[in-house]
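The values are calculated or read from the model by the stated rules, or taken from the named source; none is laboratory data. Please read all numbers here as calculations on a predicted model, not as lab measurements. Every residue, glycine as well, gets a Cβ built from its backbone with ideal geometry; the counts of neighbours run over all protein chains shown. These accessible areas exclude ligands, DNA and RNA; they are computed on the full protein's heavy atoms, side chains included. Shrake-Rupley method; radii C 1.70, N 1.55, O 1.52, S 1.80 Å.
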Amino acid sequence: TARFERNVKKTVEFTKALTGFRDVCDNDQIALVKYGAIDVINLRSVSYWDNENDCWNVSLDNDNIVKLPLSVFNITTHTPMYSAFKMYFQYMCAEWDTDPIIVDLLSAIVIFNPNRPGLTHKDVVK
């Protein structure tokens, strides 16, 4: 969807702005973004999270905000995705404390994962 594409583009722009990213070869840059973008997008979703109502507040446009409840992942009583998101937001929101620098630093750490598939120079990424 268009929102996902925008988030991927923002992740690419963020990643390209990291000084260390320029020191990585082109193939490894592609691998880092290809396999890390989803993780960064999930990490950054904390900024849309409403901890009191267990939902994301997603802006469709300037006038419309949709509340996407976490319960959409709780199809059965013990859905692993529901439990993982619940635990992530419970701890992340307490640590994040609305400081975007923390999320930026964590995003850089997530991108520079030397265990990503397809890396040829893992030592440079490390």
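So in region 12-29, with the set limited to residues that are more than 18 Å from Asp123 (Cβ to Cβ) and touching a residue at least 60 places away in the same chain (Cβ under 8 Å), which one is most open to solvent (accessible area, probe 1.4 Å)?
Checked region 12-29; the qualifying residue most open to solvent (accessible area, probe 1.4 Å) is Phe14.
Among the residues of region 37-52, how many are modelled with pLDDT of 85 or more and not small (Gly, Ala, Ser)?
Within region 37-52, residues that are modelled with pLDDT of 85 or more and not small (Gly, Ala, Ser) number 4.
Please work out which one of (1) of a type outside the set (A, V, I, L, M, F, W, C); (2) modelled with pLDDT of 85 or more; (3) farther than 21 Å from Pro117 by Cβ is the condition Ser59 fails and give its number.
(2)
Is region 56-70 home to any residue that is under 26 Å from Ala2 (Cα atoms), among the aromatic types (Phe, Trp, Tyr) and without any contact (Cβ under 8 Å) to a residue 40 or more places away in the chain?
Yes, region 56-70 has at least one match.
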